[in-house]
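Let me begin by presenting the structure, written as structure tokens, before commenting on it.
All of the numbers you see were taken from the coordinates with simple rules; none came from a lab. These numbers come from a predicted model, not from an experiment. Neighbour counts run over all protein chains shown; Cβ positions are idealised from the backbone, glycine included.
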Amino acid sequence: MTNDARPEAKDQGKSEHHLIEVRRGKAARIRERGENPFANDVVAGELPLTDLRDVRASFDGVRGEDGRYIAETVLPTAFRVAGRVLFVRGFGGMTFVRLRDRTGELQAVCEEAGLGEAFARLEDLDLGDIVEVAGTAMATKKGELSIAAKSLRVLTKAFRPLPTKTSFKDVEQRYRMRYVDLVANPEVSQVFRARSQIVSAVRRFFDSRDFLEVETPTMHPLIGGAVAKPFRTHHNALDMELFMRIAPELYLKRLVVGGFERVYELARCYRNEGISTRHNPEFTMLEYYQAYATYETLMAQTEEMMRFVDAELAKAMPTEHAGWLSSRRFTFERFERLPMKAALAKALELAGLPLTVTDLVDQPDAPIKDWAKTAKANGRELDWANFRTGMKKCTSTGERTFVAYEYVAEPFLTRDYREGDKSVPVFITDYPFEVSPLARKQDADGTLVDRFELFIDGKEVCNAFSELNDPEDQASRFQSQVDAKERGAEETMDYDHDYIRALEYGMPPAAGFGMGVDRLVMMLTGSPSIRDVVLFPLLRPE
RNA sequence: GGGUCUAUAGCUCAGUCGGUAGAGCUGCGGGCUUUUAACCCGUAGGUCGCGAGUUCAAGUCUCGCUGGACCCA
């Protein structure tokens, strides 16, 4: 081995390591001067620390039409600011240092005249360092508001270089190191600010309607509230198997029994299923329950909520919202409502297919090729193979209607229901009872339940129904879930005896609602993947 | 689980017909007293995801594996 002879050259061969070593060396030099490269004494200064946004705001009055500042009108007011260094641009005897804090950006102008000996120490400054600058306001010849630095020191030395100019694009790296993503890609931090605004607006909407926000268990002894595969865990002291919640539904309805007639929860849920652009193993669901309401009450309320949340987002982030709005392919101006059977019939008609498709598609002699040809001629390509497989698994007419709707109608909702060049959100109503084990049957037609799902831009965002509060009906629905499990069904709910007991005490007539918060954020911010709206999505270990 | 694409410097990317590795940014050294992706000169930085195969010769062609992205289930 010859590398022992030239250890330094070997070190330099590892480029990233080299970059880090250079920065560690600068930190050491800062220490040698008696300063701390990880200082935490900014609060001690005589001048208070000012947010960069507020420095700018102080000079709003003298800003020109073009956004520039005129040197003579910017009074040399003293400020102390802090932030991350976005660039250091040396220009002979002066150096420009651009800072960013959570409120905005501002540059410091450094000259030997202002900084004295400290000017030479700028060589220890790197992109990404957190610094404190004290000085006086000024405007450059190009009209940029700046701080003429009288002092500048490193508060936090960044050992690793941040990506610059060329952005940080590797998708996996961005999710893995979100802290870098948030600094390097400003539009990413805008989406997460929007998420916060959206959640806050949702809370205001329900708080103002006299709903009570609650927190219910995320570790459940039984699988319930939805049809999904759960994560399993174990409680040692009780030696008890537990499931991470797949939905908060059954606990929230227990609270309705207890007299909390209007409750909601922003509930983190966990489902042990695949990962895709629309699925993360943990996600946030809004569920709310309202006594003395029906699914029709909730449909109207959903329209109001969507418009309210979007308007609040526009108020909070007008610039960003305008951008998102302009590329939106859907509108909230009008919502369509239509029963599932009608949606299916219309979709069949538009595809030029007979109504009998629903009955015959999984028969051995079904003329699939002809149907496929006809549908394609009408501009509709159906996933016939999966349609047939799905149908074969069905054990009731209700399930068949649902599967047919899923393959024939749902993929085309954005195309079939439009207002100008935008798609219209569609409420699909009147679901078969077989696919809705917790919903109330319709008084007029017991094969259907009072339920809707809302599709925005073709994606399912909400699911709601008038709640089943008849304990005997509920018991038989639980029983059929248990029977299905015995027949080999993979995803079923457990029989929840305590929930039946709760219903036996009497739950007022009520309606309940669930919404994927992550999906709503995707809609409103035009984000194509759920991983763009979840700060730390689940990834394979490094 | 199926399909398509993809992996080259710390970052963003070139690399033609198979001929032995390139640019910009970052870093380092120097110049420049109002920059805005500053600019100019110099310099450093690579096991071309991993493993086989074909070939005189593979970043490039073939096969397998692994990771990732997107679409479908």
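Of the trypsin sites (Lys or Arg not before Pro) found in the range A:288-336, those in coil by DSSP whose Cβ has at most 14 other Cβ atoms within 10 Å are A:Arg329, A:Arg334. List the residues of the range A:58-89 whose backbone N lies under 12 Å from a point placed 7 Å from the Cα of A:Ser189 along the Cα-to-Cβ direction. Residues passing the 12 Å test: A:83-86. Averaging Cα coordinates gives a centre for the range A:143-220 and one for the range A:444-472; these two points are 36 Å apart. Mean projected area of the Cα convex hull of the range A:10-156, taken over all directions, amounts to 10.0 nm².
Here the spin labels are modelled as points 7 Å beyond Cα on the Cα-Cβ line, and at A:Arg388 and A:Leu212 they lie 5.5 nm apart.
Pairs exceeding 27 Å between alpha-carbon atoms, taken from A:Lys373/A:Lys485; A:Lys169/A:Lys422; A:Lys373/A:Lys393; A:Lys346/A:Lys392; A:Lys373/A:Lys441; A:Lys141/A:Lys315: A:Lys373/A:Lys485; A:Lys169/A:Lys422; A:Lys373/A:Lys441; A:Lys141/A:Lys315.
Could you calculate the contour length gain from A:Thr395 to A:Glu35, that is, 0.36 nm times the residue separation minus the distance between their Cα atoms, to one decimal place in nm? The partial results should precede the final answer.
Values: separation 360, 0.36 × 360 = 129.60 nm, distance 7.53 nm.
Between A:Thr395 and A:Glu35, full extension yields 122.1 nm more.
Give the calculated FRET efficiency between A:Val22 and A:Glu491 to the nearest 0.05, with a Förster radius of 60 Å applied to their Cβ-Cβ distance. Step by step, r from the Cβ atoms, then E = 0.65. Per-residue extension of 0.36 nm, minus the Cα-Cα distance of A:Leu47 and A:Ser167, leaves a gain of 39.6 nm for this segment.
Between A:Ala311 and A:Arg337, what FRET efficiency follows from the Cβ-Cβ distance if R0 is 25 Å, with the result rounded to 0.05? According to the calculation, E is roughly 0.70. Secondary structure note: in the range A:23-143, about 95% of the DSSP beta bridges are antiparallel.
Shown here for the range A:368-410: trypsin sites (Lys or Arg not before Pro) in loop regions (DSSP other than H, G, I, E, B) with at most 12 other Cβ atoms within 10 Å, namely A:Lys393. Projected onto its three principal axes, the C-alpha set of chain A covers 86, 66, 56 Å, listed from the longest axis down. At 24 Å minimum axial length over the Cα atoms and a Kyte-Doolittle cut of -1.0, report the qualifying DSSP H helices in chain A, or say none. Qualifying helices: A:186-207, A:295-316.
One decimal place: the segment A:Arg176-A:Ile70 gains 33.8 nm when fully extended, by the rule 0.36 nm per residue minus the C-alpha distance. When the trypsin sites (Lys or Arg not before Pro) in the range A:466-542 are filtered for DSSP coil states and for at most 15 other beta-carbon atoms within 10 Å of their beta-carbon, the remaining sites are A:Arg487. Could you pull out which residues in the range A:204-231 have an amide N less than 12 Å from a spot 7 Å beyond the Cα of A:Leu538, following the Cα-Cβ vector? It comes to A:229-231, nothing else. If the label point is 7 Å along Cα→Cβ of A:Ser327, which residues in the range A:480-521 have backbone nitrogen under 18 Å from it? Only A:519-521 pass the distance filter.
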